[in-house]
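Shown next, in structure tokens, is the structure this report addresses.
The values are calculated or read from the model by the stated rules, or taken from the named source; none is laboratory data. It should be emphasised that the depicted structure is a prediction, and the values quoted were computed from it without experimental measurement. Every residue, glycine among them, receives a Cβ derived from its backbone with ideal geometry; neighbour counts consider all protein chains shown.
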Amino acid sequence: MQIDGSVNTGNLPLAGCRVIERSRSVAAAYAGRLLAVMGAEVTMLEPPGGSPLRQTAPLLPDGESALFAYLSVGKRSQVCDPSTEAGRKELASALEQADIFIDDTPVKDRASFGVDPASLGDRHPNLVHLSVLPFGSVGPKAHWEGEEVNLIHAGGEGFLLPNGLTHELFPDRPPLKIYGYFGSFQGGAMAALGAMAAWWAVPASGGQYVDIAVQDAVLAVGCFALQRLGDGSLEHRSTRSFRYGGVFETRTGYIELLTLEDRQWASLVELLGQPDWSQDPALKDPLERSRRGAEINQHIREWMAQNEADDVVQRAQKLGVPVGKYRQPEEVINGEQERARKLFAPATLCNGATAQMLVAPFQFHVTPLQGGGKVPAIGEHGGILS
């Protein structure tokens with residue numbers, strides 16, 4: 001950490017990259033978050049009163065948004081209103097010094113704010129203009145708004161989830177959405193990758209306009225289900241599940257189990273204690289196991305119900321059985337694997353308190369990501385890129 005509380009990014013992959021972020025959405029803000037943790041200097045241009053994400057749940061006891069805290073830690077904050085002439089001048093000045101511009105301004109407002117792709121490309125030929133919108137900036141849905149629930153269903157995941165044990169236990173529940181901002185985080189990750197690819201190509205190709213549709217990112221998650229359309233298979237939440245395996249309830253919580261290989265099946269049988277039903281010679285054939293998946297799962301469920309989750313996971317890992325436990329947040333933060341990989345780092349909230357935050361969904365070996373930093377107050381950094 002440097003003296004001012006910012007993170008020393010000198011040896012990180014994006015050190016020296018300057019990013020201007022105008023974000024109303026989780027997807028655009030998450031793209032900036034990923035670039036920041038990899039060493040870019042990211043400045044949020046917030047509207048007067050601050051980003052709407054500052055009021056987005058979940059909220060901490062004092063009203064501070066936990067979501068915004070995670071999305072903005074390590075960034076800078078400057079108030080800028082491009083609906084005014086002064087704000088447009090400030091934005092233009094900021095973009096003169098920027099490498100990447102993250103932008104989720106609605107298409108209808110871009111010309112009046114001075115951020116339409118054509119004029120930006122003319123004025124800033126080496127700028128990477130990263131557009132992050134629910135359905136992209138071109139095409140028949142470019143003007144559509146889209147909340148998380150819309151994006152989950154537009155990308156197909158709402159058709160496929162919840163499945164397996166959840167659907168069995170609650171078959172009549174409507175499929176609303178995955179908890180949190182699954183789709184938006186997928187869109188933000190795709191946006192960050194697109195921005196990096198374009199930035200690295202600037203010396204050879206100059207700046208580019210990168211158009212990201214969050215719907216496309218969510219659609220990519222279900223690519224295997226889409227591939228099966230070729231053989232006439234249309235997957236649905238009521239039929240999509242592992243032939244055997246999946247989620248099981250133990251005495252002390254839920255675990256997930258998946259055996260794809262014969263050696264993993266043999267290890268599972270050993271974990272279960274070599275029960276009589278598992279000795280049927282026909283079950284050595286993986287196709288037969290698939291046909292009898294419901295029968296196998298019933299046996300596994302009966303065994304799981306008599307055991308504790310932590311014990312099952314520990315024994316399964318020693319045997320090479322792919323098993324994971326569904327854990328509470330405090331268990332994740334304090335987990336042995338998470339600590340060894342340094343997945344979490346302390347960060348400072350706006351209220352001055354310290355909280356453990358996920359550094360990133362990945363880590364580098366040669367130049368480890370540090371995480372940390374602080375959540376900026378609204379307009380904390382006086383002057384554009386000062």
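Restricting Asp172, Asp103 to residues that are within 27 Å of Ala40 (Cβ to Cβ) and in the same structural domain as Cys80 (by TED's automatic domain parsing) narrows the list to Asp103. Here Thr259 fits the description: assigned by TED's automatic domain parsing to the domain that holds Leu319 and either closer than 30 Å to Glu157 by Cα or touching a residue at least 24 places away in the same chain (Cβ under 8 Å) (or both). When residues in region 96-129 are screened for being under 27 Å from the mean Cα position of the chain (by Cα) and not charged (D, E, K, R), 12 of them pass. All of (1) buried (at least 17 other Cβ atoms within 10 Å of the Cβ); (2) in contact with a helix residue (DSSP H, G or I) (Cβ under 7 Å, 6 or more places away or on another chain); (3) of a type outside the set (Ser, Thr, Tyr) hold for Gly372 with one exception: (2).
For region 340-364, taking the residues that are surrounded by fewer than 16 Cβ atoms within 10 Å (Cβ to Cβ) and under 30 Å from Glu261 (Cα atoms), the one that is farthest from the chain's Cα centre (by Cα) is identified as Ala340.
Selection of region 285-330 for residues being in a helix (DSSP H, G or I) and among the β-branched types (Val, Ile, Thr) yields Ile296, Ile300, Val312, Val313.
Taking the listed residues Phe362, Phe344, the one that is without any contact (Cβ under 8 Å) to a residue 40 or more places away in the chain and within 19 Å of Leu60 (Cα to Cα) is Phe344, with no other qualifying. Considering region 86-110, the residues that are among the hydrophobic types (A, V, I, L, M, F, W, C) and out of contact with any Phe, Trp or Tyr (no Cβ under 7 Å at 6 or more places or on another chain) include one that is surrounded by the fewest Cβ atoms within 10 Å (Cβ to Cβ), namely Ala86.
Considered as a group, the residues in region 281-305 that are touching an Asp or Glu at 6+ places or on another chain (Cβ under 7 Å) and farther than 21 Å from Arg251 by Cα include one that is surrounded by the fewest Cβ atoms within 10 Å (Cβ to Cβ), and that residue is Ala282. Just wondering, is there one or more residues in region 42-56 that are more than 16 Å from the chain's Cα centre (by Cα), closer than 15 Å to Ala192 by Cα, among the aliphatic types (A, V, I, L, M) and in the same structural domain as Gln186 (by TED's automatic domain parsing)? Scanning region 42-56, I find at least one residue that is more than 16 Å from the chain's Cα centre (by Cα), closer than 15 Å to Ala192 by Cα, among the aliphatic types (A, V, I, L, M) and in the same structural domain as Gln186 (by TED's automatic domain parsing), so the answer is yes. Only one entry of Ala347, Ala355, Ala340 meets the criterion of being of a type in the set (A, V, I, L, M, F, W, C), assigned to a helix (DSSP H, G or I) and at negative phi, and that entry is Ala340. All told, Trp265 falls short of being surrounded by fewer than 15 Cβ atoms within 10 Å (Cβ to Cβ) and of a type outside the set (Ser, Thr, Tyr). Kindly indicate the residue of region 111-140 that is charged (D, E, K, R) and free of Cβ contacts under 8 Å to residues at least 24 places away in the same chain and also surrounded by the fewest Cβ atoms within 10 Å (Cβ to Cβ) among those meeting that condition. By that ranking, first place goes to Asp122.
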